[in-house]
1. Going by how many other beta carbons lie within 10 Å of each one, how would you line up 156, 111, 2, fewest first?
2. Could you identify which residue out of 27, 46, 109 has the top mean-square fluctuation in a GNM of the chain using Cα springs shorter than 10 Å?
3. Rg and Dmax of the chain, Cα atoms, in Å?
4. Okay, helix-only estimate at 222 nm for the chain: each DSSP H run of n ≥ 4 adds -39500 (n - 2.57), divide by all residues, round to 500 deg cm²/dmol; what do you get?
5. Could you tell me the distance between the Cα centroids of the range 84-134 and the range 1-66, to the nearest Å?
6. If you rank 137, 176, 148 by fewest surrounding Cβ atoms within 10 Å, what's the result?
7. Roughly how tilted is helix 105-115, in degrees to the nearest 10 and between 0 and 90, from the longest Cα axis of the chain?
8. Can you give me the angle between helix 67-96 and the longest principal axis of the chain, using Cα atoms only, in degrees from 0 to 90, rounded to the nearest 10?
């Protein structure tokens, strides 16, 4: 059913949010059957892209990483994606009580995992890791995820539309804060000497 809902969120998101709401997703089912599998898309794509095509800023010169360097980076990326979804689900659950909805962590995890689906799918651009191209496509996916967020909160969380906008904005703010944290951690890790080397 996950795949069917994913396609529905791209073709008719309003109806699909209502259909998702009517189903009962357990914590285990959502995290293992959906989040853990979807997070593999960008992580595996990035590993293949770094080891077979190479990293490039402009698309002219490519730096191919050795497998022993690319695998830890891809694995860390995978773990970061899992942690980010879990963190955003917890933040959503924590804020849900404030906005007059019945707090339920499983529902929040389901909501966040479906909202983040466009960003998981766009991870396929990691197969051709040219920075400027990846940035453009990831920004497009982020915009669609935001669209799903703002239309999904009133439909899925049963929050009145006027409060739903504020709730969605609060989730967005928390997401931006976590993104800044991930970027800061990346800079610290790369600046501490863990620098990818060219494959021989």
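All of the numbers you see were taken from the coordinates with simple rules; none came from a lab. Every value quoted in this text rests on a predicted model; they were computed, and no experiment measured them. Glycine also receives a Cβ, built like all others from the backbone with ideal geometry; neighbour counts cover every protein chain displayed.
1. Starting with the residue having the fewest Cβ neighbours, the order is 2, 156, 111.
2. Greatest mean-square fluctuation among the candidates belongs to 27.
3. Cα only, the chain: 18.0, 59 Å (Rg, Dmax).
4. About -22500 deg cm²/dmol.
5. Centre-to-centre distance over Cα atoms comes out at 11 Å.
6. With the fewest neighbours first, 137, 176, 148 line up as 176, 137, 148.
7. Taking Cα atoms only, the helix is inclined about 60 degrees.
8. Tilt of helix 67-96: around 20 degrees.
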